[in-house]
Amino acid sequence: MRRTFALILAALFLTGCTAAESQSDGMRVENCGSVETFARPPQRVVSLNQHATEILLALGLGDRLVGTAFPDDHVPPPEVAAGYADVPLLSDRYPSYERILEAEPDLVVGGYASAFDDAEGRGREAFAKNGINTLLLSESCATEPAGMEALLADISMFGEALGLQDNARQLNAGIEARVQAVEQRLRGVAPVDVFVYDSGEQTAFTLGGNGVGNDALTRAGARNVFADVPKVFEDVSWEQVATRSPAAIVLVDYLGAPVQHKQSYLEGHPLVSGTPAVRDRRFSTIPLVELTEGIRFPSAVERLARDLHGK
């Protein structure tokens, strides 16, 4: 196992959330407002969200991944499915701080900022006091749009911190190749105005412009009607949805929220039922994990391109 780390060039990533540099005593990472120093590659890693877990497995972390939590679906991608099944599930939701400590991690990785909730006793400072490093996917602290470049940068950062640099380069190359293939097929195609419906009845919880999911839509020939909202996900009014008149609707699928109910609700909604998307019954379904920062980004672009353009 490598005990020294190569210098990461271009240390400041596009999201402004993560930077890394080598030092005489290891690697120093500035990540979402926290500074983490790694004297050596972590040997026992806990990952608290499925999309983060899938990244670590795709990097080849193997049995160094000693716990996961909060799955969003039961069907991981084939390339990581076997490994995912072998990782101990600490909790169907977020485990307690004490439960995480029982796994004896030297690194805890979060996919969403909620993984490190101070009010729940899982704040990053609490782990630091026990000598445990933490890392958060950059999308969760993005203050400006974060797309595929942020994903590639985070994968590179994980590869350096975990001593899996070659694997990170291969993973990034595969992601870029698949996305570029879709973009080439869509050249000259007019974008489709899309509303992404996650959940909500009093208001609509939708995809804003700051997340990786918005970039997936753009690369798949879609125009997110709420791309001007400076959040990854945010609540908007139904009046806004109707006014922006989407031509297609993407339903977000995850455990505990059947998409059939979501579609039925929109079809019966007094405002949204009059939009071109509902009138034409132009719906697409996508797993939540594909709209978040992770290895399923190319799958999201491919799926959306196929559903919206048949390409």
Exercise for the section: Quote the relative contact order of the chain in percent (integer), defining contacts as alpha-carbon pairs under 8 Å separated by 6+ residues. Expected result: 16 percent
Handout entry: the chain: most fluctuating residue of A113, A257, A58 per GNM, C-alpha cutoff 10 Å
Key = A257
Exercise for the section: Treating the angle as unsigned and between 0 and 90°, give the value, to the nearest 10°, between the Cα long axis of helix 148-162 and the longest Cα principal axis of the chain. Expected result: 20 degrees
Handout entry: C-alpha long axis of helix 297-309 to longest principal axis of the chain, angle in °
Key = 10 degrees
Handout entry: Rounded FRET efficiency, nearest 0.05, which uses the C-beta distance separating L101 from D235 and R0 of 35 Å
Key = 0.50
Handout entry: Acute angle (nearest 10 degrees) that the helix 165-185 long axis makes with the longest principal axis of the chain, alpha-carbon atoms
Key = 10 degrees
Handout entry: Helix-only [θ]222 nm of the chain, DSSP H runs n ≥ 4, -39500 (n - 2.57) each, per residue, nearest 500
Key = -10000 deg cm²/dmol
Problem - Residue-level accessible surface for Y197, protein heavy atoms, 1.4 Å, Å² - result: 10 Å²
Exercise for the section: Using a 10 Å cut-off on Cβ atoms, rank the peptides 204-216, 121-133 from the highest mean neighbour count down. Expected result: 204-216, 121-133
Problem - Other-chain or far-sequence residues with amide H under 5 Å of R223's (modelled H) - result: V192, D193, V194
Practice task
Can you send over the carbon and sulfur percentage of the accessible area for the chain, probe radius 1.4 Å, protein chains only?
Solution key: 49 percent
Completion exercise
Most packed first (mean Cβ within 10 Å per residue), the peptides 177-185, 161-169 order as 161-169, 177-185
Practice task
Could you grab the relative contact order for segment 91-210? Cα pairs under 8 Å, six or more apart, rounded to a whole percent.
Solution key: 18 percent
Exercise for the section: Enter the Cα centre distance for the pair segment 264-296 and segment 233-263, rounded to the nearest angstrom. Expected result: 5 Å
Problem - Surface per residue (accessible, 1.4 Å probe) for the chain, Å² - result: 43 Å²
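The values are calculated or read from the model by the stated rules, or taken from the named source; none is laboratory data. Remember, predicted model here, so these are calculated numbers, not experimental data. Because the Cβ atoms are built from the backbone with ideal geometry, glycine has one as well, and the counts that use them run over all protein chains shown. Accessible surface is based on the protein model in full, side chains and every heavy atom, while ligands, DNA and RNA are left aside. Shrake-Rupley method; radii C 1.70, N 1.55, O 1.52, S 1.80 Å.
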